[in-house]
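Novice: Sharing a structure below in structure tokens format, with a few things to ask.
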Amino acid sequence: MLIVMKQDATQEDVERVNEVIEKLGFRPHPMPGAARTAIGITGNQGAVDRTHFENLPGVADAIRVTKPYKLISKTLRPEKSVIKVGNATIGGDELAMIAGPCAVESFDQVFEAAEIVASSGAKFFRGGAFKPRTSPYAFQGKGEEGLKILAQVREQFDLNIVTEAMDEHGVDLVEKYGDCIQIGTRNMQNFSLLKYVGQTRKPVLLKRGMSATLDEFLLAAEYIMAEGNYDVILCERGIRTFNRYARNTLDLSIVPAVHKISHLPVIVDPSHATGHNYMVAPMAKAGVAVGADGLIIEVHPCPEEALCDGAQAMLPEQYFELNEQVKAMRELMFPVKETVAV
Ligand code: PEP
Ligand code: MN
């Protein structure tokens, strides 16, 4: 069930509806929008009786939700969500560029990379301090020490830090040092972790599970939002197919599919989707062409020395060129509509 408030409904009207929902033993999720507020209800097993709401002041309609998701849905919030990440946003007019190395390796490597990313005008810096590696013998990341380096990057370069957490302890640390908690592909259906990040008040970058369907992906976001954290950014990073020439298959059709159903922003990661340096730029541009709200690009000052994902890392000059190209594409394909002041 979702309650759509009238355009002129007051804050008291909204609070009254919230109270009724809570009295029924459920949880209200008010979503203010440009034209009206809607209130999602979670915690109910079966249908909620609409007669509880239809005569309350300010209520326009009580709609039964037939889809498995509620809070991610455009029915609840017709306009796109613009998510605040540190001092910048994702999902607005500007293409969000999240760039940096795969992993935090050392202070010097991270600072060199940050200088590249900052000078490109990007507002977000990535780099993993906790690395989910296939082999237990591969470099696992520098943990809290790495997060401290990232926090210094924010101070020095005014970049917002996006970094992965793999477990609850990692979430606590990323909350402390970072600006956005990344949940990686391997954890997209780690439901207890999703609930845990849902209880934080830091934005979450949720990467698509490598074999997740659209519904599974959206329901993973729903898990986070059902806990009260509505700041979720989705990320397509490639899925497993029979393709052997790339690390994964970048499923770009999910971008318009998400935009059709959900108000959440969706970005594209052509680095992990392809695994090869020469494929990153073309697939990044393809991502922009289909309307992605941003990109994740791995860039390393010296890819041949990278401890992780060196084969897909862009060289600084390649990254600069791509950055200019995607910005130009974005302006050309999705020009910002001028609002005329009256
Ligand atoms: C990453 O972004 O560093 C990463 C490990 O990505 P994914 O979870 O998509 O593999
Ligand atoms: Mn990587």
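The values are calculated or read from the model by the stated rules, or taken from the named source; none is laboratory data. Source: prediction; values computed, not measured. Glycine also receives a Cβ, built like all others from the backbone with ideal geometry; neighbour counts cover every protein chain displayed. Remember, those area values only see protein heavy atoms, side chains included, never the ligands or the DNA or RNA. Shrake-Rupley method; radii C 1.70, N 1.55, O 1.52, S 1.80 Å.
Novice: May I ask you to rank 73, 106, 119 by accessible area, largest first, using a 1.4 Å probe over the protein chains only? Intermediate values should be presented prior to the final figure.
Specialist: Details: 73 10, 106 45, 119 85 Å².
Ranked list, largest accessible area first: 119, 106, 73.
Novice: Students sometimes get this wrong: rank 24, 95, 206 by accessible area, probe 1.4 Å, all chains present, largest first.
Specialist: Numbers: 24 60, 95 20, 206 0 Å².
Ranked from most to least accessible, the order is 24, 95, 206.
Novice: Could you check how much of the accessible area of segment 83-333 is carbon and sulfur, as a whole percent, using a 1.4 Å probe?
Specialist: 53
Novice: So how much accessible area does residue 51 have, in Å² to the nearest 10, using a 1.4 Å probe?
Specialist: Approximately 80 Å² of residue 51 is accessible to the 1.4 Å probe.
Novice: Next question, about the same structure. Rounded to two decimals, what is the ratio between the C-alpha radius of gyration of the chain and 2.2 N^0.38 Å? List each step's numbers first, then the result.
Specialist: Numbers: Rg = 20.7 Å, N = 342, 2.2 N^0.38 = 20.2 Å.
Computed over Cα atoms of the chain, the ratio equals 1.03.
Novice: Moving to a separate point now. Say we join alpha carbon atoms closer than 10 Å with springs in a Gaussian network model of the chain; which of 69, 245, 230 then has the biggest fluctuation?
Specialist: With Cα springs under 10 Å in the chain, the top fluctuation among 69, 245, 230 is at 245.
Novice: Given axes a ≥ b ≥ c from the Cα gyration tensor, I'd like to know whether segment 231-342 is rounded (a/c under 1.5), prolate (a/b larger than b/c) or oblate. Numbers along the way, then the final one.
Specialist: On the way: a/c = 2.34, a/b = 1.45, b/c = 1.61.
Judged from the Cα gyration tensor, segment 231-342 comes out oblate (a/c at least 1.5, b/c at or above a/b).
Novice: On to the next question. Compute all pairwise cysteine Cβ distances in the chain, then list the cysteines with no distance under 4.7 Å to another cysteine.
Specialist: 180, 235, 302
Novice: In addition: Using amide H atoms built 1.01 Å from N in the peptide plane, name the residues 5+ places from residue 205, or on other chains, whose amide H lies under 5 Å from its own.
Specialist: 181, 182, 183, 233
Novice: Which of these, 251, 49, 13, has the largest mean-square fluctuation under a Gaussian network model of the chain (Cα springs below 10 Å)?
Specialist: 49
Novice: Lysines within cross-link reach of residue 142: Cα-Cα under 28 Å, excluding same-chain residues under 8 positions apart?
Specialist: Here the lysines satisfying the reach criterion relative to residue 142 are 84, 123, 131, 176, 195, 202, 207.
Novice: I'd like the projected area of segment 1-127, averaged over all directions, using the convex hull of its alpha carbons. Report it in nm² with one decimal.
Specialist: Working: hull surface 43.0 nm².
Taking a quarter of the hull surface, the average projection is 10.7 nm².
Novice: Then there's this: For a quick check: with amide H placed at 1.01 Å from N, whose amide H comes under 5 Å from residue 294's, ignoring anything fewer than 5 positions away on the same chain?
Specialist: Under 5 Å from the amide H of residue 294: 96, 268.
Novice: Output the Cα-based Rg and Dmax of segment 2-63 in Å, rounding Rg to one decimal and Dmax to a whole number.
Specialist: 10.5, 31
Novice: Can you give the angle from 0 to 90° between the axis of helix 143-157 and the longest principal axis of the chain, with both taken from C-alpha atoms, to the nearest 10?
Specialist: Compared with the principal axis, the helix lies near 90 degrees.
Novice: Loop-only trypsin sites (Lys or Arg not before Pro) in segment 53-156, please: DSSP not H, G, I, E or B, and at most 10 other Cβ atoms within 10 Å. Kindly include the intermediate steps, with their values, before the conclusion.
Specialist: Details: sites: 64, 70, 74, 80, 84, 123, 126, 133, 142, 148, 154; in loops: 64, 70, 74, 80, 123, 133, 142.
Answer by residue number: 64.
Novice: Compute the distance from the alpha-carbon center of segment 200-278 to that of segment 18-66, in whole Å.
Specialist: Measuring centre to centre over Cα atoms gives 29 Å.
Novice: Kindly work out what percent of the DSSP beta bridges joining two residues of the chain are antiparallel, to the nearest 5. Intermediate values should be presented prior to the final figure.
Specialist: Numbers: 18 of 44 bridges.
Here the antiparallel bridges make up roughly 40 percent for the chain.
Novice: In segment 2-63, carbon and sulfur make up what percent of the accessible area (probe 1.4 Å)? Walk me through the numbers on the way to the answer.
Specialist: Numbers: 1590 of 3370 Å².
Summing carbon and sulfur atoms, their accessible area is 47 percent of the total for segment 2-63.
Novice: Each residue of segment 4-15 in turn: what ³J(HN,Hα) in whole Hz from Karplus with 6.51, -1.76, 1.60 and θ = phi - 60°, glycine and Pro shown as x?
Specialist: For segment 4-15, the Karplus-derived couplings read 9, 8, 5, 4, 9, 5, 8, 4, 5, 4, 5, 5 Hz, x marking Gly and Pro.
Novice: Counting only protein chains, not ligands or nucleic acids, how are 196, 137 ordered by accessible area (probe 1.4 Å), most first? Don't skip to the end; give the middle numbers.
Specialist: Numbers: 196 70, 137 200 Å².
Final ranking, largest accessible area leading: 137, 196.
Novice: Same structure again: Compute the accessible area per residue over segment 2-63, keeping the other protein chains in place, probe 1.4 Å, unit Å². Display every interim value, and only then the final one.
Specialist: On the way: 3370 Å² over 62 residues.
Averaged over the residues of segment 2-63, the accessible area is 54 Å².
Novice: Something else now. Please work out how much accessible surface residue 253 shows to a 1.4 Å probe, ignoring ligands, DNA and RNA, in Å² rounded to 10.
Specialist: 80
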